[in-house]
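The values are calculated or read from the model by the stated rules, or taken from the named source; none is laboratory data. Just so you know, these numbers come straight off a predicted model, no measurement behind them. Note that we place each Cβ from the backbone using ideal geometry, even for glycine, and neighbour counts take in every protein chain shown.
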Amino acid sequence: MYNKLNLQEIKKTPLEIIEYYFNNGSLRKTAREYNIHYQTLYKWVKEYKKNGEKIKEKFISGYKRPWNRFPYEIEQKIVLLKEKEPSLTVREAKKILEKEGLKISIKGIWNVWKRYGYAGFIKNKFCYEFTKYIPWSKEAIKKYNIAKFLYNSGKLKEASEILNSIPSLPQNDLISKIPNEYLNLKRKVEKMIYLFGDIPLKDYIKKIEKLYKEAKKKNLNYLLLRISIPKIVALKWQGKINQVLKEIKKIKKFIKNIKNPSLFSIKFPLLIIEGNAYAMYDIKRARKIAKFCSYLLKNKKIPSPYFALYLGVFYVNILEYNKAEYWTLKGINKVDEETKNTHKEILCLIYLNKGEYKKAINFLKGAKISEWGKSSLLLYKSTIWILKGEFQKALSIINFVSKLPKKESKYLIFQCLFKLAYIYSLLNKNKEAKIILKKLFPFVKKNKFLLYEKMIEPLIKEKNVESEFPFAKIVSFLKNKKYYKALNYAKKKGIIQHLYRYVAFFPESLNELIEKGKKTYLPKSLLKFPVFNKKYPVYHIKFLGKLRIYKNKKYLNIKLSPKEASFLIHFALKADKPDKGIELDKIYENFWNKSLKPGKNLSTLLFRIKKKLKISSHLIEISKKENILKNKGIYFTTDYSEFEFRIFQAKAFLNLEEYKLAKKEFLKAFKIFRDKPFKNMYDNWSEDLRTKILNKYIEEKEKFQNFFKII
């Protein structure tokens, strides 16, 4: 927002002071509050009571132009020179005006440009939002005062007329409240800045394009440049990279001299957006742009901390996390609180990739971002949940993100499916993981998502892949069982998180070291997963039909009583990984609510189940101290989880408009149901969960049938 001094000035409107007095009833207190003499206030109040409307006219008659200011027509001529030719300098403008018989000094031209928002910027506030770095002029402050008072008095039309007469209006709270039909073109463009992130991207881009055409028609090229920035950012959020590059090429013709300092506020953001776009296509070109941006910023006397943050994000996108950390930390403590909180998300991502999870979680707690950015933030949270082994929580997050409208960014859905493949690989289901990636690969190639193509390619191709991206090198080391080389390379690049992902697909390079008792430098939580830890058995429980149980992928030919089966299923769902458990009181209430010795009954039931399933006695224990039945070393998976995974994949492919793949996944998901779950099981847990699961099945099947009838 505007600075504190301006806020104080805005409050000192005579009409507002009079209004404050009427509401509070003390001349002296009101005078002290606004730092004026009480006799001055007395005169104002007396005159207002005598003839209120006249005093209103006195204060609302408009801004009086200083005696030495240029006539309006001359001022507009100076303004239009800059509008039509954004790269024009004050010296060039002076020469043009002299040819037309107007002798105006360089200072005079500069003052006009400053008043209209083309010069005199607050350089340490340079950012995407041009209203933030335009200073408040005396005229803007006074007229804004009047407009605000009129608006609060219910006079919308009059307030709008005053706002429209301001040469340049910096960031404020009023403009977004005024309907577009009351605003001129310049005010509409300024208003669009405040709508970014608050309305759907599709609607936002439509509104901007309408203003863009109007500015182009009127040959207002400087205004066109300004409206282009949010338009291009919105297109990038949509994942329309080709269109982003076309738009940048289109508007570059208005920036003739790349070294012209007067357009740095527009030129630098365009370079950042262009570089981010090339990060998906041509990483070598993107790195060159990043290097140039770094050079530009380092050579500025007053470098904008906002631009430093943008450069940090750019380095994240080209996988240079150490440089990303440098620029983000350089800017984050010098910006407003909202932007600071927003970019905590970027630091979270940087530290996630560097494997510094404690730092990542700390920044994640404070991150506050726009509605669009929340999906990315949720994906970061899912990474942390995956590392903790909380697959259901992670899946619920990525499932939510995958339900975004299909017109939203496709890269988010890719991330969701990639994370699902990662979950499968950690559960030692490498085959299932690679099937997902093989299905994704044609999609990323078709959409020319080079970064994601290079992430997947080394995982699905048998031969080593040559690439300028670091992923291929990590995979090459892992395939050749050179884990320590892969680790050192990942540390150097600051991409430890990518190593964690890839090593799950090639566990043999790590398992040999684990068997020899050597250090792996991986998080302990990661080493507990079935793909690395052979001590922890994996039980797969199929209960969507006749009960089937598998231990380490081998079928167990056993029979369980209804109560044993019910208990096992619920334990597998509620305590699906080591260190999780179920409260004893809840177990007793569900299975033995009338028994005098529920503890003894539980011990007997546990003994029978452990014996039949060949579970070591210490792997499931009753902890009387914690009052829970605790899982001490087993991973449980179920066919219901598999059903949810399949539905998730189907919906993700649906959003990507990959209808054949979506249909196949839906049909595979429905095929998992062989019969009604919890047959002959009548305890409360089983009854409730049966209803929930069947309702979910029916709901998804109806949606599937309705959708595929339409297409």
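Couple of notes before you dig in:
- Set L605, L613: member being more than 28 Å from L426 (Cα to Cα) and either of a type outside the set (S, T, N, Q) or crowded, with 20+ Cβ neighbours inside 10 Å (or both): L605
- Residue in the stretch 102-113 that is within 30 Å of F196 (Cα to Cα) and in contact with a Pro (Cβ under 8 Å, 6 or more places away or on another chain) present: no
- Remark: pairs (first residue in the stretch 283-308, closer than 19 Å to V335 by Cα and in contact (Cβ under 8 Å) with a residue 60 or more places away in the chain; second residue in a loop (DSSP other than H, G, I, E, B) and hydroxyl-bearing (S, T, Y); Cβ separation under 9 Å; 6+ apart in sequence or on different chains) = Y306/Y128.
- Test: residue in the stretch 140-153 that is at pLDDT below 90, surrounded by fewer than 19 Cβ atoms within 10 Å (Cβ to Cβ) and assigned to a loop (DSSP other than H, G, I, E, B): yes
- Of all residues in the stretch 200-224, those being more than 23 Å from the chain's Cα centre (by Cα) and in contact (Cβ under 8 Å) with a residue 12 or more places away in the chain number 12.
This table checks each residue for (1) exposed (fewer than 15 other Cβ atoms within 10 Å of the Cβ); (2) assigned by TED's automatic domain parsing to the domain that holds N430; (3) of a type in the set (F, W, Y).
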site	(1), (2), (3)
M455	no, yes, no
N464	yes, yes, no
I474	no, yes, no
F477	no, yes, yes
N480	yes, yes, no
N488	yes, yes, no
G494	no, yes, no
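- Elements of type helices (runs of 4 or more DSSP H) contained in the stretch 604-711, each with 3 or more residues being β-branched (V, I, T) and either in contact with a Leu (Cβ under 9 Å, 6 or more places away or on another chain) or not assigned by TED's automatic domain parsing to the domain that holds L440 (or both): 684-710
- Hits in the stretch 204-257 (condition: closer than 30 Å to L450 by Cβ, hydrophobic (A, V, I, L, M, F, W, C) and not in a helix (DSSP H, G or I)): F254, I255
- Only a single criterion out of (1) among the aromatic types (F, W, Y); (2) assigned to a helix (DSSP H, G or I); (3) modelled with pLDDT under 75 is not satisfied by Y20, namely (3).
- Scanning the stretch 97-133 for residues that are farther than 21 Å from F268 by Cα, among the β-branched types (V, I, T) and buried (at least 16 other Cβ atoms within 10 Å of the Cβ) turns up I104, I109, V112.
- Test: residue in the stretch 206-217 that is under 24 Å from K143 (Cα atoms), at pLDDT 90 or above and of a type in the set (A, V, I, L, M, F, W, C): no
- Screening S603 against (1) without any contact (Cβ under 8 Å) to a residue 40 or more places away in the chain; (2) polar (S, T, N, Q); (3) at positive phi leaves a single unmet condition, (3).
- Within the stretch 72-112, restricting attention to residues that are outside any loop (DSSP other than H, G, I, E, B) and polar (S, T, N, Q), the residue that is farthest from the chain's Cα centre (by Cα) is Q76.
- Conditions (1) modelled with pLDDT under 90; (2) crowded, with 16+ Cβ neighbours inside 10 Å: number failed by L223: (1)
- Among all residues of the stretch 50-71, there is none that is at pLDDT 80 or above, in a helix (DSSP H, G or I) and not aromatic (F, W, Y).
- Taking the stretch 269-343 as the region of interest, the helices (runs of 4 or more DSSP H) fully inside it that hold 2 or more residues being of a type outside the set (A, V, I, L, M) and more than 20 Å from the chain's Cα centre (by Cα) are 283-298, 321-332.
- Checking each residue in the stretch 540-557 for being basic (K, R) and assigned to a strand (DSSP E or B) picks out K542, R548, K551, K554.
- Tally of residues being of a type in the set (D, E, K, R) and in contact (Cβ under 8 Å) with a residue 60 or more places away in the chain across the stretch 460-491: 1
- Residues of the stretch 561-585 satisfying the condition of being within 41 Å of the chain's Cα centre (by Cα), exposed (fewer than 15 other Cβ atoms within 10 Å of the Cβ) and either at negative phi or outside the structural domain of K625 (by TED's automatic domain parsing) (or both): E583
- Single residue of the stretch 180-199 satisfying the filter (part of a loop (DSSP other than H, G, I, E, B) and without any contact (Cβ under 8 Å) to a residue 24 or more places away in the chain) that is nearest to K410 (Cα to Cα): I199
- Only residues that are within 30 Å of the chain's Cα centre (by Cα) and modelled with pLDDT under 85 were counted across the stretch 446-469, and they come to 10.
- Residue in the stretch 513-524 that is small (G, A, S), surrounded by fewer than 17 Cβ atoms within 10 Å (Cβ to Cβ) and within 30 Å of N488 (Cβ to Cβ) present: yes
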